[in-house]
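The values are calculated or read from the model by the stated rules, or taken from the named source; none is laboratory data. Owing to the predicted nature of the structure, the values given are computational and were not obtained by experimental measurement. Using ideal geometry, Cβ is built from the backbone for each residue, glycine included, and neighbour counts are taken over all protein chains shown.
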There are 2 protein chains.
Amino acid sequence: MKQEIGYITSLIGDPVRTKILWTLLDGRAYTATELALCADTSPQNISMHLSKLVQADLLAVESQGRHKYYRFSRPEVAYAIEAIGNLIPDEKHKKITGNTNNAAIKHCRTCYDHLAGKVGVLLTEQLIEQKLIEPEGAVYLVTKKGRSFFSEFNIDTDELKKSRRIFAKPCLDWTERKPHLAGALGAAFLEKMLLSDYFRKTKDSRAIVITAKGREQLYDRFKIQA
Amino acid sequence: MKQEIGYITSLIGDPVRTKILWTLLDGRAYTATELALCADTSPQNISMHLSKLVQADLLAVESQGRHKYYRFSRPEVAYAIEAIGNLIPDEKHKKITGNTNNAAIKHCRTCYDHLAGKVGVLLTEQLIEQKLIEPEGAVYLVTKKGRSFFSEFNIDTDELKKSRRIFAKPCLDWTERKPHLAGALGAAFLEKMLLSDYFRKTKDSRAIVITAKGREQLYDRFKIQA
DNA sequence: GGTATAGTTAAGTGTAGATTGAAGTGTTAA
DNA sequence: TTAACACTTCAATCTACACTTAACTATACC
């Protein structure tokens, strides 16, 4: 039973669970009650749904005091949800989540734990253009020039490669339909840019706002007018 | 309603519809009754499910006489289903579809309309190794050497590029977890290899058998012992 | 200690939507 | 021109499983 796709699809298929997964796509860990709010349902109900998702190894839990934090158990889950997002009938992507601020989310957002949207795609294209990373098969390699670039952000690429997680790979952007940088490097890069206050996360959305500082840097380094 | 993921996930979530989608993953077009057999349900029921999938633009229909042939409306649907396949709990992939011939399907199969499985991945690696195609961003480019290679198979790569479909891209293999060649080129390549009788499709499975001729060619050209 | 908050578990209920049965349209082939 | 076949449509039925109500455990903080 557990080894069939039907098991996975039926899990993903429930509207409440879909909302949970869609919410977690911003890469943050959420508590059960936060998710209950997002999915607009009761604590008991969300608890039931979450336990099913954990049992199927789609989500992982971590207890912190009386809170329980839920997040994706592995990046493939996020990739699959994104792939499903790609199937949403086009029609100019009118209502993306039923929310309103779709312009912002198309422009600049997180995809699991890395940068996506128009800005994410442009940035990735520039990293390649400037020969900081280069595509090789279905992954990206970091060039010598790239290694020193990332070290400016306190990212030790050699150290990152040691992690179990895939180092750097393209992830298809569901609004731009072009690839953006994902994997351990993509995650680290976004993390450092958030730390450097180039970007700031928004409260209840995957949208990300670009700070004045970030705007300046994006233009100076990459000629991106964000 | 139609512009939300919940709409898509709930469609994919039904067990009968999942079976339909999983079956169509071999790239063939199936009639309604064939699909009813695969999904082990009644004609009326399959008709209802199919019409929902068509309405959502996940499937396309073509009438031929009194038959109706169903297939994926676009490659992204197949990619999404494959991405979900990647989420099946590992445990050595014991029961892949509930069928028995899992060894064959892991070794050599179709993924939508191109070659996948161990052989598909090895072949793709060799195409890169021999500099017939080269990765560039999230797509593959065909080298000059590659152009003449494919023309041996009566594939006019320049002509192929004119189609709306993405020319050549890596697709993550859900058994090998490595990329294999997809897109218009991947589809054309498999088509020609089937025509040349290197491979033959099997009746009710995505598994593909390698002919003696194919085995020879794979070794001679690519040093692949299949 | 006591009280508030976070989350879980168990039993009973309700309903969306899959399934079935019966009757229909259009197509093929004898 | 009849019969068999491929598929659809429309009610009627059935049922899995999400949701609720209620009682419970565990942690936090005063």
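Things to note:
- All positions within the range B:155-188 that are closer than 20 Å to B:GLY120 by Cα and either of a type in the set (S, T, N, Q) or in a helix (DSSP H, G or I) (or both): B:THR157, B:THR175, B:GLY183, B:ALA184, B:LEU185, B:GLY186, B:ALA187, B:ALA188
- Top-ranked residue of the range A:28-55 - restricted to ones that are surrounded by fewer than 20 Cβ atoms within 10 Å (Cβ to Cβ) and either within 19 Å of B:ASN86 (Cα to Cα) or assigned by TED's automatic domain parsing to the domain that holds A:ALA187 (or both), ranked as nearest to DNA strand C (Cβ to nearest atom): A:VAL54
- The C-beta contact set for the range B:214-226 (first residue assigned by TED's automatic domain parsing to the domain that holds B:ALA103, second residue hydroxyl-bearing (Ser, Thr, Tyr), distance under 6 angstrom, 6+ apart or interchain) comprises B:GLY214/B:TYR198; B:GLN217/B:TYR198.
- Residues (within 10 Å of DNA strand D (Cβ to nearest atom) and of a type in the set (Ser, Thr, Tyr)) located in the range B:34-55: B:SER42, B:SER47, B:SER51
- Residues that are in contact with a Leu (Cβ under 9 Å, 6 or more places away or on another chain) and more than 14 Å from every other protein chain (Cβ to nearest Cβ) were ranked within the range A:56-88; the one that is surrounded by the fewest Cβ atoms within 10 Å (Cβ to Cβ) is A:VAL61.
- Hey, B:PRO15 in contact with a helix residue (DSSP H, G or I) (Cβ under 7 Å, 6 or more places away or on another chain) and at the interface with another protein chain (Cβ under 8 Å from one of its Cβ atoms) or not: yes
- Just one of (1) closer than 30 Å to A:ILE166 by Cβ; (2) basic (Lys, Arg); (3) modelled with pLDDT under 90 fails for B:LYS203. It is (1).
- Members of the range A:179-213 found to be of a type outside the set (Val, Ile, Thr), surrounded by fewer than 22 Cβ atoms within 10 Å (Cβ to Cβ) and over 18 Å from A:ILE155 (Cα atoms), listed by number: A:ARG200, A:LYS201, A:LYS203, A:ASP204, A:SER205, A:ALA207, A:ALA212, A:LYS213
- Residue in the range A:25-33 that is within 11 Å of chain B (Cβ to nearest Cβ) and more than 8 Å from DNA strand D (Cβ to nearest atom) present: yes
- Neighbours by Cβ (under 8 Å, 6+ apart or cross-chain): first from the range A:35-48, more than 14 Å from chain B (Cβ to nearest Cβ); second more than 6 Å from DNA strand C (Cβ to nearest atom) and part of a loop (DSSP other than H, G, I, E, B): A:ALA36/A:SER42
- Those helices (runs of 4 or more DSSP H) of the range B:1-106 in which at least 2 residues are at pLDDT 90 or above and under 16 Å from the mean Cα position of the chain (by Cα), considering only elements entirely within it, cover B:15-24, B:75-85.
- Scanning the range B:102-151 for residues that are under 16 Å from B:ALA187 (Cα atoms) and polar (S, T, N, Q) gives B:THR110, B:THR124, B:SER151.
- Scope the range A:190-215; condition assigned to a helix (DSSP H, G or I) and within 12 Å of the chain's Cα centre (by Cα); matching residues: A:LEU190, A:GLU191
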